[in-house]
Structure formats: structure tokens, C-alpha cells
Amino acid sequence: MQAVLVNWAEHQWLRALDAAFADFLWREVPAAPPFLILAAALASHQLGRGHVCLDLAATLKAPASALSLPPDCENVVDGAAEADSPPLPTEVLAGLSLEQWQAALEHPLLVGSGAGNTPLVRVGPRLYLRRFWQYEEDVRNAVERRLAMSATRQAALPPDVLRHILDGLFSPAPAGEAGTDWQKIACALAARSSFSILTGGPGTGKTTTVVRLLALLQALALAAPSAGGPPRPLRIRLAAPTGKAAVRLNESIAGTVARLPLAGLEHAEAVRAAIPVTVSTLHRLLGSRPDTRHFRHHADNPLALDVLVIDEASMVDLEMMAAVLAALPPAARLILLGDKDQLASVEAGAVLGELCRHARAGHYTPATRDWLATATGERIDATLVDEAGGTLSQAVVMLRHSHRFAATSGIGQLAEAVNAGDPGQVSKVWRHAHADLALLPLAGGDEANFAELVVDGAGGEQGADPAPLAETDPKPVRHGYRHYLTTLSETRPVSAAGQNAIDDWARRVLRAHGQFQVLCALRRGHWGVAGLNQRIARFLCAAGLLPASVGWYPGRPVLVTRNDYGLGLMNGDIGITLELPHAADEEAKLRVAFPAGDTGQGIKWVLPSRLPAVETAYALTVHKSQGSEFDHAALVLPATPSPILTRELLYTGITRARAFLTLVMPGTPRLLEEAVHRQVLRVSGLLGE
């Protein structure tokens, strides 16, 4: 077994870390059964693939799923691989039953069944590394404690007062458009709960809803009697998992607060002033401590707040969610916003997806239905009512109407078809030649058409010109990277310009850069991040838009790949390299301009020499693009099958596009069909199911 694990690691089917963990256990307990050590190595390996634990039964049923096998090995279910390859999991686990494997795990020095100090914990057929079992326990228990407070909060919430405020915040539906107002329902359910989730696809109004929810909570707080003084507004903090997501929420929330309909509300301006418009990253909120997993805020030093809102919660991994819940004061509310169908966090866990598993079906109890009818005037469809609905379901609301994508939107229809796992419907969407969709097949490696796409945004089969995104929006343009590089050169200030003018220039360039982005599934290979970045830089050089294609040069976009607390830059932040204005007799100075993120609307200027952990960002993985939107996104699929290409990745990539999506297909249409069928199912026991 030791030889097998070492061989797997050498072939990169298993991480070196996983093999080292197995070796450590065997050195500590030499008599440990081989299948226990195998299970430990596989449990460790699952963490690197986003799973919280190893499901023994599922592994025996589909052994190939336990390792990072190349695509040509994944379909082998019988017999060995090629002669020079290690034995496949199918061979190693052949003849082993679940009962036999569980019996091998009955070792008190290494495996426990709950609290203790063993390195492994087994719960039924699931095997955990202890730290992640503890995170899962902490998150489950914290959520259950907060849900248990709902009855008390509801009892203190007069339905008539709630109804009056909600009616002021939400206008009646226009004639002929009557239907359930899920935004209004979301506000009511969150008002009576210490833990609530608001999920929905792009453009369903999550930000608008949460701002109205915060207005509702502040209105209730300012109207409540206060012992020993005037009513006190709630202390509210807004956070996001990455700097990029924080910037995006910052941009949208201020305008939403300014437009809030509060005319008929008591203490209207006090309510508006009490809604925060700045967003921090979770790391900054909790107080990151460099070179450690710990934070300044924890159970013994909780955050000073009454309400915490976390946007893009699908990106929050299990460990971070455990840290957030530990740092919350017992009486504080936690409100999670996110799209349950997006890619889960890069690290282990799919917390939002797990908690929203039953969101589409509702499962609201008759008591919840009746309370909502009184408190909001809204009626829930009978198909969403369940006598046996769980406590969690009463705190989860799914928004079901997209305001961004009209019924005729190709992007919206394509996202819905992919999300439904329906390849036939996906093909039907493409056949309609929608104005906001373009397909660029590159069989045979057609570099000229691909170059035309990334430079000018052109190429591919496309329908008629699209309508504006909204009545007040200008008609969108299908840009490529020429747009931001032209903006860079044509709006560059003169040498005598002051800092404000230089900052304004950087903002314009960053904004123009964000209007187009190449996205891909893979990091390595010709159609991965590495290969695409090199080729795109050469295309732009050949077009006369860049002075160079390697090293540091004006116009180079860079992605931060590691948190740098000294500079205030987070993993995922994007900056543009600019040459500062200078006189003819002065030396050129390169600086990288980053949005100031959660510290304000300014620009953060950084010397390139202070940025060792960055990479060129003409192409981003879909994972890295989460929390961002682009007017035009070009989603590049790989040319060969890959287990990374899944339904969730496609859906997330498609929905990064606001106005245009170009799908680049170097391979056959079969790859797209396989991806629509392939779904990410992360293993965990968060819901105890």
C-alpha cells in the first residue's frame, strides 16, 4: 500500500501532501491496517478537490472518483491501466466491502467518532480529517442556534408594523403583472430570523433586496423603545470574500441606498443614513493575522456589530464560514447573499450550496405561509408548502425573476438550460442566433479568428444588435482588449498633471479593461490560462497596442495570486501596469494601479518590484472571475475532455457576461454536452443527510 500511494503521488494522481500524511500516520502507528491508511490519504486528497470528507460508500461505487485521474483513466472500470502506470483505485479496492473498510477504521489511536484528539473522525460512511469535522460541527451548531431564535424574534415583531414598513418599501405590482413578490417575502423572513439566506441568479435583485431589508431592520430598530435613552440604530457591516467582490458591491450599493423609496417611512432620513455603503473583505473584517490561520476576532473577542451581510457567499469555504460564525456576537444576525448554482469555493466545502439544497422547492410550512400572508400580503404557491418543512427552509428565500436578462435574452436562456442540465435545450438556444450570443468554433486551431476576438471583440456567429441593458443604459458595445489599451493611450495625462488627474486616468483604464474578459476552465495547456496569456499578449503586440509581450510593460494587466496584507491586496485583485506621465528628460516610471477596494474609491499605486505574487491576466479561470461581471465575456472551453469542465463552471462563466457572451470552442460540440451533464457534487455532512 505504501508503494501504491507513492506511485500515485509520482503520477500526480495523489498530492505529495496526501502521501506524506499517510506516511506520517504509518510511522506513528506502524500496525495500522493498510486500508485505514489508504482511506486517510484519500480523505486528505478530497480536501484538495473541494470535498470536506471521504464518502467510503461512494468511493467503493465509483473508485475512479477518489483520485485526480487524467480523463483517459477515469472511464476505466475493469482491469489495469497501461503497463507503466500504477494500479487504478478499481484494482486496489476490488473485493473490499463497505463493512470491511469500516472495520479497518476501528482503530482508537487514529480514528474517533466525535470529540477527541484522533487525527481522523468517522461518522457513518464519511471519514474526515479532524479539523474539518470540527469546522462542520461548528457551522452546523451555530446555524441551528441562530435558527432556534426565530420564534422569539417573531414574537417580538408585530405583523401590522412589519406590513406597514414593507408596503412602503415595495410598490404594488403593475396591473397584469401580479405574482409573488419574493423580495418582499425575503425581507419578512429575514426580519424574524438571526440567520437567513437570500439566493438567486444574476439580476434577480439580491442587492436591491438586502438594502431594503437593512432599511426595514433599521426602521424597526429606530421605532423600538430603548431603555435609558433614544432608540439606537443597528450596527451593520457589509462584507465579501474577495477584494474584487467587495469593490463590485461597493459600486452598486451606494446608488441603491440613495434611490430607496422611504418617503412614507418614519425616521426616513435617519434610516437611510444608518445603512452602510462601504464593504470590506472578510479577511479585513475578521482581522487577518499574517502567517497564521487565526483572526483577531473570534469567540472570545467577537465583532462589534448587530447585523453582518456577506455577499457572494458561494465563494466562502467551510473554514472561513466557521471563523465568521465564531466571531459573531450571540445576538447578531447573519445574512448570506449568493447564487447557489455558481461554482463553490476554491477551498473545501460548498456551504451556501448545501444550505440552499432545497431552496427551489421552498418547503415552507403552513405556519410560515399563514404568517407571511399576514405580514406581507403575499401568497405562496401551494407547491412550495410542505407540512414537514425543516427549520432551515423557513429562513431561505430564492429570488426567481431576473431583471438583468429579459425573456428573449440568449445569455439568460443559455444559463437556464445549462443549469437545468439539458443539452438539447442548450443546442436550441444556439440555433436561435440571439443578439447577445456568439459562437466561435476553432477546430484546427484558427488563431486568426481568435486574435480578432481578443483584440476587437469580433468573430463568431452572432445575431442582430442587442437592445440597451435598461432604459437609461447606452447601447452596449462588443469590445475586445483594444478598447482599454486605446483608452490608456488616448486619455493619458500630460506630464504636469496632478495626482487627481492621474488617478482619474487610472480609473478610466480600469473601467475600460473590465468591459471585456477572456475566461477559461483550465490553468495549464494551450487553452488554459498560461497558454492563452502568452498568445493574447503576442496578438496585442502584433496589433501595435503593446510595446512588449513579456516582463513589465505599460498595459499589462496582472492578477494578485496571494494575499499581501502589507500592501492591502488580496488574492484575486486585478491591476493595470501604467507608465506615469513624465517630462522628456525624466526616466519612465511604471506603477501598477489597483482599485482601492474596501478602503474607498481611490487608486492604490504599487511598484512592480513589490508584486512578486502576480500573473498576467488577459485570461482568467472562471473560478478567479467569480464576483465580477463584464459587458463582454469570452468563455474558452478546452480542446480535450477535462473533469474540471462542469455544469457549474459553465453556468458561472456564462453569467459573468452582462451584455455579450462569446463561446470559444476549440474542440467538438460533444465536450459542451458532456460538461452540461457533469455536475459538481461536493461531499460533506453539513445537513446531516
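The residue list ALA331, ALA348 contains one member that is among the aliphatic types (A, V, I, L, M) and farther than 25 Å from LEU214 by Cβ, which is ALA348. Every test in (1) surrounded by fewer than 24 Cβ atoms within 10 Å (Cβ to Cβ); (2) closer than 18 Å to ALA395 by Cα; (3) of a type outside the set (Lys, Arg) is passed by ALA190 save one, and that test is (1). When THR577 is tested against the conditions (1) polar (S, T, N, Q); (2) within 24 Å of the chain's Cα centre (by Cα); (3) at pLDDT 90 or above, the lone failure is (2).
Restricting region 496-519 to residues that are out of contact with any Gly (no Cβ under 6 Å at 6 or more places or on another chain) and outside any helix (DSSP H, G or I) leaves a set whose member that is most open to solvent (accessible area, probe 1.4 Å) is ALA496.
Given the condition out of contact with any Pro (no Cβ under 8 Å at 6 or more places or on another chain), within 17 Å of ARG524 (Cβ to Cβ) and in contact (Cβ under 8 Å) with a residue 12 or more places away in the chain, answer yes or no: does some residue in region 651-663 qualify? Scanning region 651-663, I find no residue that is out of contact with any Pro (no Cβ under 8 Å at 6 or more places or on another chain), within 17 Å of ARG524 (Cβ to Cβ) and in contact (Cβ under 8 Å) with a residue 12 or more places away in the chain, so the answer is no. Of the residues examined, SER68 is one that is modelled with pLDDT under 90, in a loop (DSSP other than H, G, I, E, B) and under 33 Å from the mean Cα position of the chain (by Cα). The test for being more than 30 Å from LEU343 (Cβ to Cβ), open to solvent by 50 Å² or more (accessible area, probe 1.4 Å), at pLDDT 85 or above and not acidic (Asp, Glu) holds for ARG235.
The condition of being open to solvent by less than 20 Å² (accessible area, probe 1.4 Å), under 20 Å from PRO669 (Cα atoms) and either at pLDDT 85 or above or over 20 Å from the mean Cα position of the chain (by Cα) (or both) holds for only one of ALA433, ALA438, that being ALA438.
Within region 563-580, residues that are touching a residue at least 12 places away in the same chain (Cβ under 8 Å) and of a type in the set (Phe, Trp, Tyr) sit with their Cβ atoms under 9 Å from residues that are open to solvent by 20 Å² or more (accessible area, probe 1.4 Å) and not in a loop (DSSP other than H, G, I, E, B), at 6+ positions apart or across chains, in these pairs: TYR565/HIS283; TYR565/ARG284; TYR565/SER288.
Residues are listed down the side, and each one gets a yes or a no for (1) in contact (Cβ under 8 Å) with a residue 24 or more places away in the chain; (2) closer than 30 Å to VAL351 by Cβ:
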position: VAL92; (1), (2): yes, no
position: ALA104; (1), (2): yes, no
position: PRO108; (1), (2): no, no
position: PRO119; (1), (2): yes, yes
position: GLN154; (1), (2): yes, yes
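Cβ separations smaller than 7 Å between residues 6+ apart or across chains give the following pairs from region 426-443 residues that are under 14 Å from GLY457 (Cβ atoms) to residues that are of a type in the set (Ser, Thr, Tyr): ASP436/SER409; ALA438/THR662; LEU440/THR662. Between GLU648, GLU629, GLU674, the distinction of being out of contact with any Phe, Trp or Tyr (no Cβ under 9 Å at 6 or more places or on another chain), open to solvent by 20 Å² or more (accessible area, probe 1.4 Å) and over 20 Å from GLY412 (Cβ atoms) belongs to GLU674 only. Selection within region 243-296: residues that are over 19 Å from the mean Cα position of the chain (by Cα) and among the acidic types (Asp, Glu). The member of this set that is modelled with the lowest pLDDT is ASP291. Being in a loop (DSSP other than H, G, I, E, B), surrounded by fewer than 24 Cβ atoms within 10 Å (Cβ to Cβ) and either in contact (Cβ under 8 Å) with a residue 40 or more places away in the chain or of a type in the set (Phe, Trp, Tyr) (or both) is the filter here; which residues of region 345-377 pass it? Hits for region 345-377 are VAL346, GLU347, ARG357, ALA359, GLY377.
In region 476-495, the residue that is surrounded by the fewest Cβ atoms within 10 Å (Cβ to Cβ) out of those that are out of contact with any strand residue (DSSP E or B) (no Cβ under 7 Å at 6 or more places or on another chain) and without any contact (Cβ under 8 Å) to a residue 60 or more places away in the chain is GLU490.
Taken over region 272-313, the criterion of being of a type in the set (A, V, I, L, M, F, W, C), surrounded by fewer than 18 Cβ atoms within 10 Å (Cβ to Cβ) and assigned to a helix (DSSP H, G or I) is satisfied by ALA273 alone. In region 4-30, of all residues being open to solvent by 30 Å² or more (accessible area, probe 1.4 Å) and assigned to a loop (DSSP other than H, G, I, E, B), the one that is nearest to SER85 (Cα to Cα) corresponds to HIS11. Can you find a residue in region 564-578 that is open to solvent by 50 Å² or more (accessible area, probe 1.4 Å), touching a His at 6+ places or on another chain (Cβ under 9 Å) and not basic (Lys, Arg)? Yes, there is a match, as at least one residue in region 564-578 is open to solvent by 50 Å² or more (accessible area, probe 1.4 Å), touching a His at 6+ places or on another chain (Cβ under 9 Å) and not basic (Lys, Arg). Of the numbered criteria (1) under 27 Å from SER684 (Cβ atoms); (2) in a helix (DSSP H, G or I); (3) at pLDDT 90 or above, the one THR383 fails is (1).
Which one is least open to solvent (accessible area, probe 1.4 Å) among residues in region 92-101 that are out of contact with any Phe, Trp or Tyr (no Cβ under 9 Å at 6 or more places or on another chain) and either more than 18 Å from ALA58 (Cβ to Cβ) or assigned to a loop (DSSP other than H, G, I, E, B) (or both)? My answer is SER97.
Put simply, of LEU546, LEU540, LEU590 the only residue that is open to solvent by 30 Å² or more (accessible area, probe 1.4 Å), of a type in the set (A, V, I, L, M) and within 33 Å of the chain's Cα centre (by Cα) is LEU590. Taking into account only those residues within region 31-57 that are in a helix (DSSP H, G or I) and open to solvent by 50 Å² or more (accessible area, probe 1.4 Å), which is nearest to SER345 (Cα to Cα)? Ranking the candidates gives PHE35 first.
When LEU532 is tested against (1) closer than 30 Å to THR646 by Cα; (2) in contact (Cβ under 8 Å) with a residue 60 or more places away in the chain; (3) out of contact with any helix residue (DSSP H, G or I) (no Cβ under 6 Å at 6 or more places or on another chain); (4) in a loop (DSSP other than H, G, I, E, B), exactly one condition is not met: (4). Taking the numbered list (1) modelled with pLDDT of 90 or more; (2) surrounded by fewer than 22 Cβ atoms within 10 Å (Cβ to Cβ) in turn, ALA395 passes all entries but (2).
The residues of region 630-668 that are in a helix (DSSP H, G or I), of a type outside the set (A, V, I, L, M) and within 19 Å of ARG478 (Cβ to Cβ) amount to a single one, GLY653. Note on region 135-149: residues that are open to solvent by 20 Å² or more (accessible area, probe 1.4 Å) and more than 23 Å from the chain's Cα centre (by Cα) amount to 5.
The values are calculated or read from the model by the stated rules, or taken from the named source; none is laboratory data. The shown structure was predicted, so the numbers you read here are calculated from the model rather than taken from an experiment. Cβ: placed from backbone, ideal geometry, glycine included. Neighbour counts: every protein chain shown. Each accessible area value is taken on the protein alone, full model and side chains, heavy atoms only, with ligands, DNA and RNA left out. Shrake-Rupley method; radii C 1.70, N 1.55, O 1.52, S 1.80 Å.
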